[in-house]
1. Does the range 208-218 contain at least one residue that is open to solvent by 10 Å² or more (accessible area, probe 1.4 Å), under 16 Å from Ile390 (Cβ atoms) and not β-branched (Val, Ile, Thr)?
2. Hey, can you tell me all the residues within the range 343-365 that are open to solvent by less than 20 Å² (accessible area, probe 1.4 Å) and closer than 29 Å to Gln29 by Cα?
3. State all residues of the range 138-179 that are polar (S, T, N, Q) and open to solvent by less than 20 Å² (accessible area, probe 1.4 Å); if no residue qualifies, say none.
4. With the structure loaded, tell me whether Ala353 is out of contact with any Lys or Arg (no Cβ under 8 Å at 6 or more places or on another chain) and over 18 Å from Asp315 (Cβ atoms) or whether it fails that test.
5. Identify the residue in the range 330-342 that is among the hydrophobic types (A, V, I, L, M, F, W, C) and in contact with a Lys or Arg (Cβ under 8 Å, 6 or more places away or on another chain) and, among all such residues, is least open to solvent (accessible area, probe 1.4 Å).
6. List the number of the failed condition for Glu72; all other conditions in (1) modelled with pLDDT of 90 or more; (2) open to solvent by less than 20 Å² (accessible area, probe 1.4 Å) hold.
7. What number goes with the only condition from (1) over 21 Å from Leu393 (Cβ atoms); (2) under 21 Å from the mean Cα position of the chain (by Cα); (3) crowded, with 17+ Cβ neighbours inside 10 Å; (4) in contact (Cβ under 8 Å) with a residue 40 or more places away in the chain that His259 does not pass?
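The values are calculated or read from the model by the stated rules, or taken from the named source; none is laboratory data. Quick caveat, the model's predicted, so the values are computed rather than measured. Quick reminder, even Gly has a Cβ in these numbers, built from the backbone with ideal geometry, and neighbours come from all protein chains shown. Areas reflect the complete protein model, heavy atoms only, side chains present, ligands, DNA and RNA absent. Shrake-Rupley method; radii C 1.70, N 1.55, O 1.52, S 1.80 Å.
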Amino acid sequence: MNLYGEVFPQAQLRFNYSSTYAVALNPRQGLKQFGPYDSNLFRKTHIRCGIIYPATMQDVKTRLVEGLTKGEGGFVGFHGLFRVPLSFEGERSISLENAQEISQASTGLSTQDLDLIFVLTSRRNSPLYQACKGELLGNGVPNQVVIGEKLGDPNQRPWVLENVALAIYAKVGGTPWVVANPMKRQQLVLGVSRVQDINRRFLVGFVTLFTQDGDFLLMHSKAPVFGWEEYVEGLTRLISEALEEYRKLRDVPDSIVVHLHKRPGYRELEAIQGALDGLQEQIPYALLHLNEYSSFRLFDTSHLTYIPVSSLKVDLGYHQALLLLDGRVGNQRRKVGVPRVLDIAMDKRSTLAVEEFPNLVRQIHDFARVNWRGFNAAAIPVTVNYARLIARLVLEVGTDHWNQIIAAGKLREKAWFL
């Protein structure tokens, strides 16, 4: 059996909504040269932050605040990178690093009309994390937890500050960059996933919406439900409502692409199909399963490590392909072990022509460059990455807090889960 494939070139990134010439391969250099993609569209003229910190970490707090506002080393500061000033206009010092004090401090700051609140801690602490996340997100305030020890090394601090700045710009609703996509047609990409709570009692479904170039538009979810039947019954309504929200922001898309992160069941696919077929307009759509746990593996017998180059795509048929995003670059690879492949399949229920499948695989590859968690973050398609992050948050804050977050509904257009 002969298999055929290709190595995709690295996607260029775009840094200006109104100019197709503001492109670069390196996101850091692109931001320094052009500023963020939405600099002419960003609604805020100033970002107002608050900070919660233990009294024993006063010096660390000062380094964080001054580093973000003034810059340090190779990091030019938040304003220099994103073209919008950032200031700290509220703070709470806590004597004990526990959930009760952090919750009280969060309640106090959440009433001050701040765009984002930092929570500085000495170490990773799950109860504390749950307390601050649940309180702040329930009040519609994005937040950024910073572990103090990461700011201890002066040689590494500029890189940490730069990555923090990138994440918070996205959390307050900004778009740092998108893929420089030559496609002229307007396409809507949906990431559909689900998660079960830590006790396996509740199911939470959610949908993330993106443009064809990876620009995050909104996240839509419902309150947790008890079982599979309730989840499936509500899925059609969930997607329909998310699409209705999209219609308030954009024109009718030329096509819709659905990325399914979890292995979909038959009834789940029927529910998604029902939402898409129920649209007033007949819009062609593609249902794509992105399987991270494929039994396939790829090897390069011509190289000493047997690891193929990154961005390798191998066709298994007209509607199935393997994509390797975790390969080597040159002779280097950051991870150890056998790299996993992304097994991509186009469901037979799709109404978009199967001839579009190669372009859809290339789009998934390019979406791996829209990772705003850090400048050197792992190459993961943004639809898969956001599904992971949201699922992790559901488990960490609990379904009671999730209910509150969804009921507030103030964060749908922000990537607050980064």
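1. Yes, that holds for at least one residue.
2. Leu360, Val361, Gln363, Ile364, His365
3. Hits for the range 138-179 are Asn143, Thr175.
4. no
5. Only one residue fits best here, namely Val341.
6. Every listed condition holds for Glu72 apart from (2).
7. (1)
Yes/no per residue for (1) modelled with pLDDT of 95 or more; (2) open to solvent by 70 Å² or more (accessible area, probe 1.4 Å); (3) under 23 Å from the mean Cα position of the chain (by Cα); (4) farther than 30 Å from Glu149 by Cα:
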{"position": "Leu3", "(1), (2), (3), (4)": "no, yes, no, yes"}
{"position": "Pro36", "(1), (2), (3), (4)": "yes, no, yes, no"}
{"position": "Asn40", "(1), (2), (3), (4)": "no, yes, yes, yes"}
{"position": "Gln58", "(1), (2), (3), (4)": "no, yes, no, no"}
